1. Take the residues in region 74-87 that are at pLDDT 75 or above and out of contact with any strand residue (DSSP E or B) (no Cβ under 8 Å at 6 or more places or on another chain); name whichever of them is surrounded by the most Cβ atoms within 10 Å (Cβ to Cβ).
2. Can you find a residue in region 15-23 that is in contact with a helix residue (DSSP H, G or I) (Cβ under 8 Å, 6 or more places away or on another chain) and at pLDDT below 90?
3. Filter region 56-71 down to residues that are in contact with a helix residue (DSSP H, G or I) (Cβ under 7 Å, 6 or more places away or on another chain), part of a strand (DSSP E or B) and at pLDDT 85 or above, then give me how many there are.
4. Kindly indicate the residue of region 27-50 that is more than 12 Å from the chain's Cα centre (by Cα) and part of a strand (DSSP E or B) and also nearest to residue 79 (Cα to Cα) among those meeting that condition.
5. How many residues, within region 23-47, are within 14 Å of residue 7 (Cα to Cα) and without any contact (Cβ under 8 Å) to a residue 24 or more places away in the chain?
6. Can you name every residue in region 2-26 that is under 18 Å from residue 61 (Cβ atoms) and in a loop (DSSP other than H, G, I, E, B)?
7. Of the conditions (1) under 13 Å from the mean Cα position of the chain (by Cα); (2) modelled with pLDDT under 90; (3) on the phi < 0 side of the Ramachandran plot, residue 53 satisfies every one except a single condition; which number is it?
């Protein structure tokens, strides 16, 4: 299954864009998740990702990666194995 995902910077209520914080959109521009960078325990940064409203058997619909590219790849891999969408 090939996914077409787009990242859009999160926009705060004051109108400013959040650096390193993205809403993940599917091919229909529906919000399906989030990827954002945070300070990791022990120093350094990690990219966290999570999928909205998805149940994945045997794993959480979220994770943590070293780079934005790795977070995107993990997000896509998780989406491709997600059999159930919870509304």
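1. Filtering region 74-87 for residues that are at pLDDT 75 or above and out of contact with any strand residue (DSSP E or B) (no Cβ under 8 Å at 6 or more places or on another chain), the one surrounded by the most Cβ atoms within 10 Å (Cβ to Cβ) comes out as 76.
2. No, there is no match, as no residue in region 15-23 is in contact with a helix residue (DSSP H, G or I) (Cβ under 8 Å, 6 or more places away or on another chain) and at pLDDT below 90.
3. Taking region 56-71 and keeping what is in contact with a helix residue (DSSP H, G or I) (Cβ under 7 Å, 6 or more places away or on another chain), we get 56, 61, 63, 65.
Then keep just the ones that are part of a strand (DSSP E or B); that gives 56, 63, 65.
Still in the running and at pLDDT 85 or above: 63, 65.
Residues meeting the conditions: 2.
4. Going through region 27-50, the residues more than 12 Å from the chain's Cα centre (by Cα) turn out to be 27-30, 38-46.
Filter once more, so that each one left must be part of a strand (DSSP E or B): 38-39, 45-46.
Working: 38: 22, 39: 25, 45: 24, 46: 20 Å.
Among those residues, the one meeting the criterion is 46.
5. Within region 23-47, the first condition is being within 14 Å of residue 7 (Cα to Cα), and the residues that meet it are 23-37, 47.
When the remaining residues are screened for being without any contact (Cβ under 8 Å) to a residue 24 or more places away in the chain, the result is 23, 25-26, 28-31.
Adding up the residues that qualify gives 7.
6. Within region 2-26, 3, 5, 26 meet the criteria.
7. The single condition residue 53 does not satisfy is (3).
Residues are listed down the side, and each one gets a yes or a no for (1) in contact with a helix residue (DSSP H, G or I) (Cβ under 6 Å, 6 or more places away or on another chain); (2) farther than 18 Å from residue 80 by Cβ; (3) surrounded by 13 or more Cβ atoms within 10 Å (Cβ to Cβ):
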| position | (1), (2), (3) |
| --- | --- |
| 4 | no, no, no |
| 13 | no, yes, no |
| 27 | no, no, no |
| 30 | no, no, no |
| 37 | no, yes, yes |
| 44 | no, yes, no |
| 47 | yes, yes, yes |
| 50 | no, no, yes |
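The values are calculated or read from the model by the stated rules, or taken from the named source; none is laboratory data. Just so it is clear, the model here is predicted, and its values are computed rather than measured. Here the Cβ is made from the backbone with ideal geometry for all residues, glycine too, and neighbour counts use every protein chain on show.
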